[in-house]
Amino acid sequence: MSSAFEKYKMCTLCPRACGVDRTEGALGRCRSGEIPRIAHVMLHHWEEPCISGTRGSGTVFFSGCPLGCVYCQNHQISRGYIGAEHNADSLSELFLSLEKKGAHNVNLVTATHYIPHVAEAISKAREAGLSIPVVYNTSGYETEEALSLLEGLVDIYLTDVRYHNTQTASLYSAAPDYPHVATAALSAMQKQVGAPVLDGEGLMKKGVIVRLLLLPGHLIEAKQILKDVYRAHGDGVYISLMSQYTPSPTVAEKYPALSRTVTPYEYASLVEYARSLGVTRAFTQEGSSASESFIPPFLAEN
């Protein structure tokens with residue numbers, strides 16, 4: 001077993017660096033123990049077009065989350081501990097089964113806190129014949145050290161950049177260090193996989209997609225994020241401008257500013273700002289994106 005598994009002791013796999021010994025059954029800030037739990041596996045047809053393609057992205061949802069945003073659309077798993085346990089061997093078999101089902105890629109959603117298992121599982125799957133790209137789908141709250149364990153294994157980074165202001169990051173994710181951490185993580189990701197590469201069918205084979213979820217009332221901050229990302233990386237990354245924020249009654253009660261969806265004006269203004277900056281490698285969403293159809297069901301077992 002890889003020495004990377006030692007990182008579960010006094011865990012510092014994510015920027016929280018909570019230091020618990022997950023090998024002895026303690027749960028970290030991610031609400032997770034040592035063995036990965038998978039909440040749901042599906043062929044996902046609602047990712048960016050170059051990820052979902054025509055047959056779907058082989059999406060693997062990991063339980064738990066180091067970031068824990070108050071508005072998380074996947075709160076069933078990010079705040080819980082549901083799903084079946086999978087060791088590295090089982091994960092590798094799962095990846096291979098997705099390729100057999102026709103998935104364009106293997107899409108690992110919120111796997112930060114299980115990186116040692118993920119890295120070993122990808123290696124095992126490659127040795128057994130996995131030939132489709134591996135997508136690492138993350139909140140962007142990653143350490144450069146942990147990302148280094150994925151170098152040469154992940155083909156595509158699908159990462160969020162959620163906050164520009166420490167106050168916003170603190171309020172909604174209790175992570176005032178998020179802006180600095182996510183900026184450094186994005187640079188590390190882009191350095192690993194390089195400029196985007198698409199095949200003849202428009203499917204991404206390598207590269208980075210930066211997701212920018214527009215929150216209601218946070219248009220100025222979103223524009224700051226967009227400007228910073230484009231100035232730093234230009235056409236070296238794709239940018240996905242997302243309007244799908246969907247409020248829940250619980251969030252609306254505690255955070256009134258998040259009690260509504262994004263207005264057409266707010267989103268149109270963000271898209272127009274992207275054009276004014278010169279952004280051409282971008283994805284946009286239709287106004288109907290803020291709906292439950294983008295939130296897959298989560299199962300207790302697989």
What are the residue pairs meeting all of these: first residue in the range 268-288, first residue free of Cβ contacts under 8 Å to residues at least 40 places away in the same chain, second residue among the hydrophobic types (A, V, I, L, M, F, W, C), Cβ atoms under 9 Å, and 6 or more apart or on different chains?
VAL271/LEU241; VAL271/ALA282; ARG275/ALA282
Residues satisfying the stated conditions in the range 181-237, i.e. aliphatic (A, V, I, L, M), closer than 23 Å to PRO247 by Cβ and in contact with a Pro (Cβ under 9 Å, 6 or more places away or on another chain)
ILE225
Under 8 Å between Cβ atoms, which residue pairs at least 6 apart in sequence (or on different chains) link something in the range 232-258 that is touching a residue at least 60 places away in the same chain (Cβ under 8 Å) with a partner that is assigned to a strand (DSSP E or B) and among the charged types (D, E, K, R)?
SER240/ARG211
Selected residue [over 23 Å from THR284 (Cα atoms) and free of Cβ contacts under 8 Å to residues at least 24 places away in the same chain] from GLY25, GLY64:
GLY25
Out of all the residues in the range 6-13, is one or more modelled with pLDDT under 95 and closer than 28 Å to THR284 by Cα?
no
From (1) farther than 25 Å from GLY202 by Cα; (2) within 19 Å of the chain's Cα centre (by Cα); (3) of a type in the set (Gly, Ala, Ser), pick out the condition that doesn't hold for GLY140.
(1)
Of the residues in the range 143-185, those that are more than 16 Å from the chain's Cα centre (by Cα), open to solvent by 50 Å² or more (accessible area, probe 1.4 Å) and either closer than 20 Å to ALA282 by Cβ or among the aromatic types (Phe, Trp, Tyr) (or both) come to HIS164
Taking the range 186-220, which residues are charged (D, E, K, R) and surrounded by fewer than 20 Cβ atoms within 10 Å (Cβ to Cβ)?
LYS191, ASP199, GLU201, LYS205, LYS206
Look through ALA185, ALA169, ALA175 and report the one residue that is of a type in the set (Gly, Ala, Ser) and part of a loop (DSSP other than H, G, I, E, B).
ALA175
Name the pairs: first residue in the range 92-107 and of a type in the set (Val, Ile, Thr), second residue at pLDDT 95 or above and open to solvent by less than 10 Å² (accessible area, probe 1.4 Å), Cβ to Cβ under 7 Å, at least 6 apart or on different chains?
VAL106/GLY58; VAL106/VAL60; VAL106/PHE95; VAL106/LEU98; VAL106/VAL134; VAL106/VAL135
From the residues in the range 43-53 that are in a loop (DSSP other than H, G, I, E, B) and either touching a residue at least 60 places away in the same chain (Cβ under 8 Å) or among the hydrophobic types (A, V, I, L, M, F, W, C) (or both), which one is least open to solvent (accessible area, probe 1.4 Å)?
GLU48
Identity of the residue in the range 246-257, within 22 Å of PRO179 (Cβ to Cβ) and touching a helix residue (DSSP H, G or I) at 6+ places or on another chain (Cβ under 8 Å), that ends up modelled with the lowest pLDDT:
VAL251
Checking the conditions here, which among THR280, THR263 is modelled with pLDDT of 95 or more, hydroxyl-bearing (Ser, Thr, Tyr), open to solvent by 40 Å² or more (accessible area, probe 1.4 Å) and over 21 Å from the mean Cα position of the chain (by Cα)?
THR263
(1) out of contact with any Phe, Trp or Tyr (no Cβ under 6 Å at 6 or more places or on another chain); (2) surrounded by 22 or more Cβ atoms within 10 Å (Cβ to Cβ) all hold for ARG37 apart from (2)
Being out of contact with any Leu (no Cβ under 6 Å at 6 or more places or on another chain) and under 18 Å from ILE156 (Cβ atoms) is the requirement here; does HIS86 meet it?
no
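The values are calculated or read from the model by the stated rules, or taken from the named source; none is laboratory data. Please read these numbers as outputs of a predicted model, since none were measured by experiment. With ideal geometry, Cβ positions are generated from the backbone for all residues, glycine too; neighbour counts draw on all protein chains shown. Side chains are part of the model used for accessible areas, which takes the heavy atoms of the whole protein and leaves out ligands, DNA and RNA. Shrake-Rupley method; radii C 1.70, N 1.55, O 1.52, S 1.80 Å.
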